[in-house]
C-alpha cells in the first residue's frame, strides 16, 4: 500500500486538533531527547566525562601511592646511612675501599649446552 505525499498531506489535514497537537508534541519530545542525548552538554557527553573521571581517579590513586613510596625512600636516604650505602652499591655500582667484587657471568642458557 503505497502512500504518496499528496495523500499523506490530505490525511494529515483530516486530523482533529487534538491529533495534530499530539503529533506536534511527539515530534518536539523526540527532538528534545535527541538534543539532550547528543548535544555538547548531553547525556552521552556526561557519561564520557564520568568514565574519564573514574580513570583519572584511579591514576591519581596510583600516583599518590608511588609518591608516598618515593617520599619514604627520600626520608630514608636523608636519615639512614645504610640506605645510602645500598643505593650506592645497587644503582651506582660502588664498593668500599679494599672490597673485592666477584661477578658471575653465565655463558648461554643451560638448555643450549645439552645439544
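Here, each number is a calculation from the coordinates, and none is a lab measurement. Computed from a predicted structure; not experimentally measured.
At a temperature of 20 °C and a viscosity of 1.002 mPa s, determine how fast the chain diffuses translationally according to Stokes-Einstein, using the Kirkwood radius over alpha-carbon pairs as Rh; express D in µm²/s, rounded to the nearest whole number. Don't skip to the answer; put the middle values down first.
Details: Rh = 23.4 Å.
Value of D from the Cα-based Kirkwood radius: 92 µm²/s.
Among 98, 68, 42, which one shows the highest mean-square fluctuation when the chain is modelled as a Gaussian network with alpha-carbon springs under 10 Å?
In the Gaussian network model the winner is 98.
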